[in-house]
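The structure under discussion appears below in the form of structure tokens.
The values are calculated or read from the model by the stated rules, or taken from the named source; none is laboratory data. Worth saying up front: this structure is predicted, and the values here are computed from it rather than measured. For neighbour counting, all protein chains shown are included, and Cβ atoms are generated from backbone atoms with ideal geometry for every residue, glycine included. Areas reflect the complete protein model, heavy atoms only, side chains present, ligands, DNA and RNA absent. Shrake-Rupley method; radii C 1.70, N 1.55, O 1.52, S 1.80 Å.
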Amino acid sequence: GALSGIQVQIAFRRFQNGIRDGLQIILGQMCHAAFRPAVSMIARNCEGAMRDAISLLDQLVSFSGKKISHDDVVKVLGTASVDMVFDFADGLAKGNIGKLFESVNKMVSEGRSIQQATKELIMHLRNLLLVHLGSEEVIEESSDHIERLKAQSKLFPLDGLKDVIKALSRAEADMKWH
């Protein structure tokens with residue numbers, strides 16, 4: 001039979017773990033280090049392409065020096081911070097259009113990439129979906145982060161979460177071609 005969405009997600013996460021582990025080896029050989037969330041974010045954003053991950057790692061080493069933080073990755077990618085993503089998802093869950101526009105305006109004024117921020121938001125919503133389905137063990141985040149996800153997942157009905165992920169995924173695909 002066909003793979004379920006969760007099975008595909010688990011397989012992709014395992015592939016990302018391989019990239020993350022490879023990046024850690026490269027960093028060790030270069031006498032550099034990076035915090036685990038930073039390396040995980042690099043692996044996520046390179047969508048399975050090791051060459052892209054190494055290229056981004058090279059940029060980060062030039063930008064950050066000996067120790068690469070999650071914030072360094074956020075700055076280089078121009079993506080949304082964790083708090084921005086949680087705030088945006090809160091606005092979405094509560095139907096607060098003003099908060100959504102405020103979040104987008106903040107991202108744009110800070111020079112964030114809307115495409116990267118959309119990608120991070122989709123990943124966040126998928127994590128909320130995994131929590132909703134009781135599969136949080138596959139999420140590569142700190143226990144505090146997972147607790148925040150658990151609390152926020154209660155704000156979303158399951159079908160509403162799926163619909164928002166589909167809509168944002170279509171929007172992100174459209175951004176790639178325009």
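List of remarks:
- With all protein chains modelled, accessible area of residue 63 [1.4 Å, Å²]: 110
- Between the range 42-103 and the range 108-178, the C-alpha centres lie 12 angstrom from each other.
- Among the listed pairs 66/154; 75/99; 66/176; 67/166; 67/99; 67/94, a Cα-Cα separation exceeding 30 Å is found for 66/154; 66/176; 67/166; 67/99; 67/94.
- Segment residue 83..residue 54, full-extension length gain: 7.8 nm, with 0.36 nm per residue of separation and the alpha-carbon distance subtracted.
- Size of electric dipole in the range 64-178: Cβ of Lys, Arg +1 and of Asp, Glu -1, about Cα centre, debye, nearest 20: 260
- Between the residues 95, 113, 49, the greatest Cα displacement towards the positive end of the dipole of the range 34-125, with unit charges on the Cβ of Lys, Arg, Asp and Glu, is found for 49.
- Inter-label distance, residue 163 to residue 138: 2.5 nm, where each label sits 7 Å from its Cα along the C-beta direction.
- On full extension, the segment bounded by residue 90 and residue 109 gains 4.8 nm, given 0.36 nm per residue less the C-alpha separation.
- Quarter of Cα convex hull surface for the range 67-111, i.e. mean projection, nm²: 3.0
- Taking the chain and dividing mean pair separation by its residue count, relative contact order in percent (alpha carbons under 8 Å, at least six apart): 17
- Taking the longest Cα principal axis of the chain as reference, the axis of helix 114-132 is set at about 70 degrees.
- The stretch between residue 71 and residue 21, if pulled fully straight at 0.36 nm per residue, gains 16.0 nm over its current Cα-Cα span.
- Accessible area of the chain belonging to carbon and sulfur atoms, whole % at 1.4 Å probe: 55
- Under 5 Å between amide hydrogens, built in the peptide plane, is the criterion, and for residue 155 it picks out nothing among residues at least 5 positions away or on other chains.
- Correct option for Cα Rg over 2.2 N^0.38 Å [calculated from the coordinates] among (i) 1.25; (ii) 1.04; (iii) 1.18: (ii)
- Exposed loop sites, defined as trypsin sites (Lys or Arg not before Pro) outside DSSP H, G, I, E and B with at most 15 other Cβ atoms within 10 Å, are absent from the longest region of the chain, namely 67-153.
- Accessible area in the full protein assembly, largest first, 1.4 Å probe, for 108, 61: 108, 61
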